[in-house]
Amino acid sequence: MSALLAEVPYWGQSLLRVLGGIVAVLLPAGTIVYIFLFKMMSFMQSRLGPMEAGPYGSMQLFAEVGKWLQKEDIVPERADARIFKMAPVIVLLSTFLLVAVVPFGPDAWFTDFETGIFYALAVSSISVLGILIAGWSSANKYSLLGGLRAAGQLIAYELPMVLAVVGVVIQAETMNLQKIVVAQNSGSMFGIDTFGHPYVISQFIGFVIFMIAIQAELTQAPFDMPIAESELVSGYMTEYSGFRFLIFFIGEFATAGVFAMIASVLFLGGWGVPFSWFGWTSIDSIDNWMNVVGPLIMFTKMMLLVFIIMWIRFSYPRLREDQLQRFAWKGLIPVALLNIAVTSILKVVF
Amino acid sequence: MSLTDRVLGDRQQLAYIASQAADARLNVELETEGMTLNIGPQHPATHGTLRIIARLDGEQVVWAEPACGYMHRGYEKLTEVRTYPQVTTLVNRIDWLGSFANEVPFILAAEKLMEVEAPPRAQHIRTILFELSRIANVSLFLGDLGVQLGAITPVFLAFRDREYVLNLIESATGGRFHPNFDRIGGLKDDLPAGWIDETRAVMKKLRGFCDQIEDLLFGNEIFQSRTRGIGVIPREVALQYGLSGANLRASGVDWDLRRDHQLPMAWNQADWKVWTHPDGDSFARCWIRLQETRESTKIVDQLLGSIPAGPVMAKVPKIIKVPEGEAWVSTENPLGEMGYYIVSRGDLGPFRVKIRSASFNNISITPWLLRGVYVPDIVTILASLYFILGDIDR
């Protein structure tokens, strides 16, 4: 973005960045909710889903938002009001912080961090704080259980996620997300550079672990114990209503979108196409139209990954809390460590 | 103590020790208080207004007790001011998912007192409708099971396929939920034209639904890890608490009133199997119900082919007066044994009716069963015990 906006004054650049960030968070969230939550889920369950608001119910989301905005903002009497009100904002905040490092095209990025992925993994943990204080400040037993479950779960799955990313970082030799994209698209597999080198192939184990971990980070079924409608009555969100619930809701699906973007950057080659197709050699020689096509490619890959997340969410029952922890500590983490060891050995050998 | 040693499974015993230890830890070591969690009266896992008072240490249940009565409607008392034909309207609201099955034992008890017997055709159709209401009831259980465990898709499939069965019941009786079709001495009407072929097609669909649920839910590793070994009821304990129906058969007791009681119904004319399971855990209870739905479709299919000709109503007086006496009839309803004890003084209405409903006995085991389990398992166990609130509180 810096190259595109070189002539724009600083305040203008900042404003455009903020607007771009809002679009990059809310547009995928809305699309995910409509296509997957409303329509795909309905088709899987032999029903039509919303059909009345707009063509094929496409305006349903606006109707829902309108409904939520009208509702009373209830704060329970014994709740810690200030913190209670703050919690959903903190959750959404982490999503916005996360999208700041995601590259959408050769020049279409918000910030170009040298340690981008490190930053992304760090800020994604902020949402845990939001959920924990939401659970604690609600003065509700179900919320408290949900908040504690969320804290335990999100911390447990942070680790396999970080470890899965380490394999990619070793292969790409950088933590900069933009450079990871370039490394994948300009690379070659077994001397063939037609397809670039998306890390989903050489880091397949890492990819699977990363997808499982983000499923848990997003608290989607089968890892949805913090919400668990049938036992905890929505867990930490029990006491929220109106637009604060809306913020939680947006946060849930926006984070799904942003995590899927990061996964596509790390494993599927992000915004890029294999550079050999158009004879590009480095990031500087890429044609300018990629700044328009790149985000679209990125969006497609994101939708594909979110489709997998949602598919699993709609068809699997939920694990129990202790089974979930066992799965993380005894299953995912050892495999992720092994993956790192093998990756680093192969990196040194070849 | 000898009972505890002999009967309790390993896991149950460990859980019991853990709960005792947790209790001690609560008070001595950390001086923390346990938390009392009221699950219900309004809670998605209780299908209505059952309240489970659970004392928790973290996520583990130290002590739990069901508090029922929030939906008590006084049916036993209400029957005393109704005439016999009017009572069926009341009692088919007890287990509202399989309403026709509630009418049958009452009518049979009244017939027993009056010493009339329904003609064979009526007995056949009664049995078919009885099994249809079992299918409607249990297919919803199979879907609801998924929701309780966090899988949202099965319940919609269940609602879709239950609708076919309800349509059948509606076209035969006129009522989807509350048929009120059974009469003393027979049935209100004969079957409509084309009903038999339609029913055959629906039974085929229902078998497909059972396969689908088996694929989607029972074969799922997460489902199995959530239900296997959870809420184990040993054979002796199940008998002591008076469980009935699938809950008892899942504990390995080969007991089915449809086969064991000699009633004027047509079950003995079909070839079917009583399934039992040796494990007694939640998975066994769910699996037994799945198999029973399949068996029910088989029973219906066979009986459809052999409906005898003749009237559907025996000769009974216009104004029904039941002679003095007492009668007890119970049948194998979708939820378990359901029976009516009728005391008649020779009037138009019963003098006293005692209703034995299955769910009330089935949930009486919860204090024993919930001790030491985790909060998510409460939901699994309640779902697999399968109760209907109307059937508990009457």
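The table for this structure:
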| quantity | calculated |
| --- | --- |
| Only listed residue being closer than 21 Å to residue B:329 by Cβ and either in contact with a His (Cβ under 8 Å, 6 or more places away or on another chain) or modelled with pLDDT under 90 (or both), chosen from B:91, B:62 | B:91 |
| Condition met for residue B:310 (out of contact with any helix residue (DSSP H, G or I) (no Cβ under 8 Å at 6 or more places or on another chain) and under 20 Å from residue B:128 (Cα atoms)) | no |
| Complete set of residues in region B:325-336 that are assigned to a strand (DSSP E or B) and at negative phi | B:326, B:327, B:328, B:329, B:330, B:331, B:332, B:333 |
| Single residue of region A:192-221 satisfying the filter (closer than 23 Å to residue A:124 by Cβ and of a type in the set (Gly, Ala, Ser)) that is surrounded by the fewest Cβ atoms within 10 Å (Cβ to Cβ) | A:221 |
| Single condition residue A:105 does not satisfy, out of (1) under 27 Å from residue A:222 (Cα atoms); (2) surrounded by 22 or more Cβ atoms within 10 Å (Cβ to Cβ); (3) not hydrophobic (A, V, I, L, M, F, W, C) | (1) |
| Top-ranked residue of region A:39-59 - restricted to ones that are out of contact with any helix residue (DSSP H, G or I) (no Cβ under 6 Å at 6 or more places or on another chain) and in a helix (DSSP H, G or I), ranked as surrounded by the fewest Cβ atoms within 10 Å (Cβ to Cβ) | A:55 |
| Residues satisfying the stated conditions in region A:265-280, i.e. touching a His at 6+ places or on another chain (Cβ under 9 Å) and surrounded by fewer than 19 Cβ atoms within 10 Å (Cβ to Cβ) | none |
| Candidates A:125, A:138 - the one that is without any contact (Cβ under 8 Å) to a residue 60 or more places away in the chain and polar (S, T, N, Q) | A:125 |
| Matching entry among B:390, B:346, B:339 (being surrounded by fewer than 24 Cβ atoms within 10 Å (Cβ to Cβ), in a strand (DSSP E or B) and more than 14 Å from every other protein chain (Cβ to nearest Cβ)) | B:339 |
| Residue that is surrounded by the fewest Cβ atoms within 10 Å (Cβ to Cβ) [pool: residues in region B:223-250 that are touching a helix residue (DSSP H, G or I) at 6+ places or on another chain (Cβ under 8 Å) and free of Cβ contacts under 8 Å to residues at least 40 places away in the same chain] | B:239 |
| Residue count for region B:41-73, restricted to those that are more than 17 Å from residue B:374 (Cβ to Cβ) and in a strand (DSSP E or B) | 5 |
| Residue list for region A:44-64, filter: in contact with a Gly (Cβ under 9 Å, 6 or more places away or on another chain) and touching a residue at least 24 places away in the same chain (Cβ under 8 Å) | A:60, A:61 |
| Candidate set: region A:299-349, residues that are hydroxyl-bearing (Ser, Thr, Tyr) and within 14 Å of chain B (Cβ to nearest Cβ); chosen: the one farthest from residue A:216 (Cα to Cα) | A:315 |
| Candidate set from region B:361-376 (those that are in contact with a Ser or Thr (Cβ under 8 Å, 6 or more places away or on another chain) and over 21 Å from residue B:337 (Cα atoms)); member that is nearest to the other protein chains (Cβ to nearest Cβ) | B:372 |
| Which numbered condition residue A:177 fails, given (1) closer than 19 Å to residue A:263 by Cα; (2) surrounded by fewer than 19 Cβ atoms within 10 Å (Cβ to Cβ) | (2) |
| Of all residues in region B:351-363 being more than 21 Å from residue B:138 (Cα to Cα) and of a type outside the set (A, V, I, L, M, F, W, C), the one that is surrounded by the fewest Cβ atoms within 10 Å (Cβ to Cβ) | B:354 |
| Test result for residue B:161, under 22 Å from the mean Cα position of the chain (by Cα), surrounded by fewer than 15 Cβ atoms within 10 Å (Cβ to Cβ) and of a type in the set (Asp, Glu) | no |
| Members of region A:294-326 that are more than 21 Å from the chain's Cα centre (by Cα) and not polar (S, T, N, Q) | A:317, A:319, A:320, A:321, A:322, A:326 |
| In region A:222-253, residue surrounded by the most Cβ atoms within 10 Å (Cβ to Cβ) [restricted to those that are more than 14 Å from chain B (Cβ to nearest Cβ) and of a type in the set (Ser, Thr, Tyr)] | A:236 |
| Residue in region A:324-333 that is among the hydrophobic types (A, V, I, L, M, F, W, C) and part of a loop (DSSP other than H, G, I, E, B) present | no |
| Options B:288, B:319: the member that is buried (at least 19 other Cβ atoms within 10 Å of the Cβ) and among the β-branched types (Val, Ile, Thr) | B:288 |
| Residue within region A:67-80 that is touching a residue at least 12 places away in the same chain (Cβ under 8 Å), under 24 Å from the mean Cα position of the chain (by Cα) and within 30 Å of residue A:320 (Cα to Cα) present | no |
| Unique match (being surrounded by 24 or more Cβ atoms within 10 Å (Cβ to Cβ), free of Cβ contacts under 8 Å to residues at least 40 places away in the same chain, more than 14 Å from chain A (Cβ to nearest Cβ) and touching a Lys or Arg at 6+ places or on another chain (Cβ under 9 Å)) among B:122, B:136 | B:136 |
| Candidate set from region B:47-59 (those that are at pLDDT below 75 and more than 10 Å from chain A (Cβ to nearest Cβ)); member that is surrounded by the most Cβ atoms within 10 Å (Cβ to Cβ) | B:47 |
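Yes/no per residue for (1) without any contact (Cβ under 8 Å) to a residue 24 or more places away in the chain; (2) more than 14 Å from chain A (Cβ to nearest Cβ); (3) of a type in the set (Lys, Arg); (4) closer than 30 Å to residue A:313 by Cα:
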site	(1), (2), (3), (4)
B:130	no, yes, no, no
B:164	no, no, no, yes
B:171	no, yes, no, no
B:205	no, no, yes, yes
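The values are calculated or read from the model by the stated rules, or taken from the named source; none is laboratory data. Predicted model only: the values in this text are computed from it and were never measured. Positions of Cβ are generated from backbone atoms using ideal geometry, with glycine treated the same way; all protein chains shown enter the neighbour counts.
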